[in-house]
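All remarks here apply to the structure that follows.
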Amino acid sequence: MSVRAWWKRMAEPSRAASSGAGRANAADALGRRLRRKFILVAMGAVTVVLMLIIAGINGVNYSHVCKMADARLDYILAGRGGLDWEDESRTDPGNGGDASTGMVADGDRAGARVGHFEGMTAESPFDTRYFTVTLVEGRVVDVNTARIAAVGAKRAARIAMGLDAKGLTSGFSGNYRYTTTAQGEKTTYVFVDCSRELASFHSFLSASVAISCIGWLAVLAIVTVASGAVIRPMVESYSKQKRFITDASHEIKTPLAVIDAANEVQEIESGESEWTQSIHEQVARLTALTERLVFLARMDEGSAGFTMASIDLSEAVNKVAAPFKSVAVSGGKRLSTSVATGVRAHADAAAVAQVVELLLDNATRYASEGSVIELSLRAVSRGAGKGSAELVVSNAVDELPEGDLDRLFDRFYRADVSRSSKTGGSGVGLSVVRAIAEAHGGSATVSGHDHQITFTVRF
């Protein structure tokens with residue numbers, strides 16, 4: 001084991017301690033996020049259900065108010081309310097009026113509606129308050145307010161003329177439900193006072209809303225308390241997972257270093273062979289995988305340790321891309337670069353280099369044989385005087401992955417397991433790309449069309 005490897009091994013306990021604290025902080029942060037999401041989702045569902053219940057109950061209540069008002073209007077128009085258009089006293093049931101004809105009292109109202117009068121009782125004619133206004137070509141020719149005290153003739157005429165000017169023939173005007181009946185050039189508006197019914201409706205509406213709000217607050221309190229117990233197992237599982245990944249990665253490093261050192265000794269004694277070369281490749285592969293897993297764990301813990309500074313992205317991208325040209329050629333492909341000069345960004349140089357390396361490594365592994373891998377870098381504007389850099393890597397593939405391409409950024413996800421095993425893919429590299437991009441306040445996206453897949457990273 002080399003001195004460098006021994007020193008890293010000795011430093012691991014202190015790193016493990018800091019990593020443990022980081023894991024605890026990350027678990028707490030995750031717990032808070034999950035609790036907030038749980039509460040939001042639960043209360044969102046409760047809110048929707050309560051709104052539907054309130055809307056349904058009060059909608060039925062309002063419909064009932066309208067139905068009863070329309071029944072009274074039908075009753076009046078049918079002459080059963082004691083209404084006579086010319087002389088009300090002649091049709092008053094108390095004065096011997098005809099309340100059984102089912103028509104308007106003067107007998108010439110052939111157009112009057114005859115209703116079914118659901119909900120009407122023997123007392124209905126006496127507790128029904130109404131007034132009528134007759135118009136001819138927009139002019140008031142008759143007003144009857146004998147059956148209501150709250151509305152005078154002038155106000156009644158003004159209400160009817162306003163509705164007639166708008167062409168309205170039925171509905172509500174304030175607390176009055178109205179309809180019309182036409183006879184030749186005459187149009188008669190009939191208004192029924194619904195003040196008591198509407199007041200009852202509004203009281204019920206207010207009460208239902210108030211009770212629902214109290215219930216909502218009670219459910220919020222219960223959900224807030226219960227969310228801790230619901231989320232706790234998930235947080236513990238997350239913490240154990242992260243601890244396992246980090247600890248396992250650290251434990252794997254030492255055996256890998258020993259294997260690599262023993263392999264070098266074997267090469268010195270017996271010479272290099274395809275077997276020793278394969279051991280080197282597999283050790284390098286496992287070492288890269290463990291480093292990426294440790295890096296992702298530290299990213300989750302918020303302890304990646306980025307050194308942010310203003311760097312020349314153009315230079316960094318060109319430096320990383322240069323070795324991949326020969327790698328692409330060896331795989332029967334070609335790398336084409338289009339890097340704008342003078343592109344700068346506030347970023348960690350090593351992290352940016354890792355992003356470029358991972359994207360090009362992915363492209364050289366999975367690009368179609370004989371295809372061209374295209375890499376470009378340009379400066380873009382985010383508006384409000386803010387600038388950013390856009391890195392794009394595009395290549396042809398034999399077949400685009402099915403389903404949501406964004407899943408390619410998920411950890412350990414591989415679109416084609418059989419091919420990934422042949423190319424050495426682990427499904428971790430693209431996760432690192434997105435983690436670095438988001439840590440820099442940017443984004444990593446993927447798109448595909450016509451056997452062409454494109455990865456776009458913004459810093």
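The values are calculated or read from the model by the stated rules, or taken from the named source; none is laboratory data. Note that the structure is predicted; figures quoted are calculated from it, not measured. Quick reminder, even Gly has a Cβ in these numbers, built from the backbone with ideal geometry, and neighbours come from all protein chains shown.
The table for this structure:
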item: Residue satisfying condition, being at pLDDT below 50, among the hydrophobic types (A, V, I, L, M, F, W, C) and closer than 24 Å to residue 134 by Cβ, within set 78, 69, 112; result: 112
item: Residue 417 vs. criteria at pLDDT 80 or above and either of a type in the set (A, V, I, L, M, F, W, C) or crowded, with 17+ Cβ neighbours inside 10 Å (or both); result: no
item: Whichever residue in the stretch 132-150 is among the hydrophobic types (A, V, I, L, M, F, W, C) and over 21 Å from residue 194 (Cβ atoms) and, among such residues, is surrounded by the fewest Cβ atoms within 10 Å (Cβ to Cβ); result: 136
item: Residues satisfying the stated conditions in the stretch 180-204, i.e. in contact (Cβ under 8 Å) with a residue 40 or more places away in the chain, surrounded by 15 or more Cβ atoms within 10 Å (Cβ to Cβ) and touching a strand residue (DSSP E or B) at 6+ places or on another chain (Cβ under 7 Å); result: 181, 187, 188, 189, 190, 191, 192, 193, 194
item: Cβ pairs under 9 Å, 6+ apart, first in the stretch 125-145 and within 18 Å of residue 74 (Cβ to Cβ) and in contact (Cβ under 8 Å) with a residue 12 or more places away in the chain, second among the acidic types (Asp, Glu) and assigned to a strand (DSSP E or B); result: 128/193; 129/193; 130/193; 131/193; 132/142
item: Some residue of the stretch 223-240 being in a helix (DSSP H, G or I), at pLDDT 90 or above, of a type in the set (A, V, I, L, M) and on the phi < 0 side of the Ramachandran plot; result: yes
item: Sole residue being at pLDDT 90 or above, within 51 Å of the chain's Cα centre (by Cα) and closer than 26 Å to residue 198 by Cβ, chosen from 165, 153; result: 165
item: Any hit, the stretch 205-219, residues being touching a helix residue (DSSP H, G or I) at 6+ places or on another chain (Cβ under 9 Å) and buried (at least 19 other Cβ atoms within 10 Å of the Cβ); result: no
